[in-house]
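Asks: Sending over a structure as structure tokens; questions will come in a sec.
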Amino acid sequence: MPVFKFLAFVHLQHLKANSNENFLFCIDISKNLLLERFLQWLIKEQDCNDTQLHTLYALSLSKSTIEAFESENLDSGNTENTSGISIFQTSVRKRLQVFLQSSNLYDPEEILDLIEGSELWLEKTLVLQILALKLEDSEAAEEYCTEIGRPDAYMHLLEMYLDPQDGKEPMFDAAVRLLHNHGESLDLCKF
């Protein structure tokens with residue numbers, strides 16, 4: 001329970017520091033932050049292996065990251081100090097990246113659906129790795145590359161198959177399937 005006491009304290013400090021105009025904005029942030037911290041506590045501290053909770057946590061982190069990213073882009077023309085936004089973005093984005101790499105219990109397709117139109121390219125690559133290497137779902141990985149619509153997506157997927165890292169053997173069957181299905185989209189001279 002100490003995490004909840006800490007969040008309540010942070011929330012009260014934030015309310016004291018801001019004007020009444022920001023009151024509703026603070027409440028919305030606190031609810032999302034509270035949800036994320038609660039899910040983080042369940043998953044990390046209580047070793048919860050519920051796939052729905054892992055997916056909900058990944059979705060919540062993804063939404064927060066996208067909102068922080070968009071907020072910083074909107075404020076980038078401002079001459080005011082926006083370092084608080086940058087710190088928050090870095091923090092939530094880093095937590096998202098670490099979670100996407102460390103958990104294989106979330107639904108990657110739900111995460112991909114949410115971040116598809118965003119500028120979160122590293123996160124998209126991490127989820128593609130989950131599909132291709134952890135779940136070994138080459139069909140879904142290829143489908144996602146098609147949805148991304150970037151010419152380098154198939155090349156990246158081929159590189160993953162041929163050099164999966166972490167001591168895993170190359171996935172030659174998946175690489176051959178990719179070459180067969182999408183060989184015309186691959187620039188093998190760059191490989």
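Asks: When you look at residue 53, is it closer than 13 Å to residue 103 by Cα, in a helix (DSSP H, G or I) and either in contact with a His (Cβ under 8 Å, 6 or more places away or on another chain) or modelled with pLDDT of 55 or more (or both), yes or no?
Replies: Yes: the conditions hold for residue 53.
Asks: For residue 40, all conditions in the list (1) at pLDDT 90 or above; (2) part of a helix (DSSP H, G or I) hold save one; what is the number of the exception?
Replies: Every listed condition holds for residue 40 apart from (1).
Asks: Let me ask something else about it. Just checking, does region 163-178 include any residue being of a type in the set (Val, Ile, Thr) and within 20 Å of residue 116 (Cα to Cα)?
Replies: Within region 163-178, not a single residue is of a type in the set (Val, Ile, Thr) and within 20 Å of residue 116 (Cα to Cα).
Asks: Within region 168-188, how many residues are in a helix (DSSP H, G or I) and acidic (Asp, Glu)?
Replies: Summing the residues that are in a helix (DSSP H, G or I) and acidic (Asp, Glu) in region 168-188 gives 2.
Asks: Let me ask something else. List the pairs whose first member sits in region 101-116 and is more than 12 Å from residue 56 (Cβ to Cβ) and free of Cβ contacts under 8 Å to residues at least 60 places away in the same chain, whose second member is among the small types (Gly, Ala, Ser) and part of a helix (DSSP H, G or I), and whose Cβ atoms are under 8 Å apart, counting only residues at least 6 apart or on separate chains?
Replies: Sorted first by the residue in region 101-116, then by its partner, the pairs are 108/140; 109/140; 115/62.
Asks: Of these, 105, 128, which one is of a type in the set (A, V, I, L, M, F, W, C) and farther than 20 Å from residue 49 by Cβ?
Replies: Exactly one residue qualifies, and that residue is 128.
Asks: Can you pull out the residues in region 164-174 that are surrounded by 10 or more Cβ atoms within 10 Å (Cβ to Cβ) and within 25 Å of the chain's Cα centre (by Cα)?
Replies: Across region 164-174, the qualifying residues are 164, 168, 171, 174.
Asks: Considering only residues that are under 19 Å from residue 59 (Cα atoms) and among the β-branched types (Val, Ile, Thr), look in region 125-162 and name the one that is surrounded by the fewest Cβ atoms within 10 Å (Cβ to Cβ).
Replies: 125
Asks: Here's a follow-up. For region 115-124, give me each residue that is in a helix (DSSP H, G or I) and surrounded by fewer than 16 Cβ atoms within 10 Å (Cβ to Cβ). Lay out the reasoning, then the answer.
Replies: Our first condition is that a residue be in a helix (DSSP H, G or I); within region 115-124, this holds for 115, 121-124.
If the condition is that a residue be in a helix (DSSP H, G or I) and surrounded by fewer than 16 Cβ atoms within 10 Å (Cβ to Cβ), then 121, 122 are the ones that fit.
Asks: Going residue by residue through region 59-75, is there one that turns out to be more than 29 Å from residue 153 (Cα to Cα) and either at pLDDT below 85 or not small (Gly, Ala, Ser) (or both)?
Replies: Residues of region 59-75 that are more than 29 Å from residue 153 (Cα to Cα), as a first pass: 75.
Applying the additional criterion that residues be either at pLDDT below 85 or not small (Gly, Ala, Ser) (or both) yields 75.
Yes - at least one qualifying residue is present in region 59-75.
Asks: Within region 136-152, work out how many residues are assigned to a loop (DSSP other than H, G, I, E, B) and modelled with pLDDT under 85. Give the derivation first.
Replies: The initial filter retains those residues of region 136-152 that are assigned to a loop (DSSP other than H, G, I, E, B), namely 136-137, 149-150.
Going one step further and asking which of them are modelled with pLDDT under 85, we end up with 149-150.
Of the residues in region 136-152, 2 are assigned to a loop (DSSP other than H, G, I, E, B) and modelled with pLDDT under 85.
The values are calculated or read from the model by the stated rules, or taken from the named source; none is laboratory data. These numbers come from a predicted model, not from an experiment. Neighbour counts run over all protein chains shown; Cβ positions are idealised from the backbone, glycine included.
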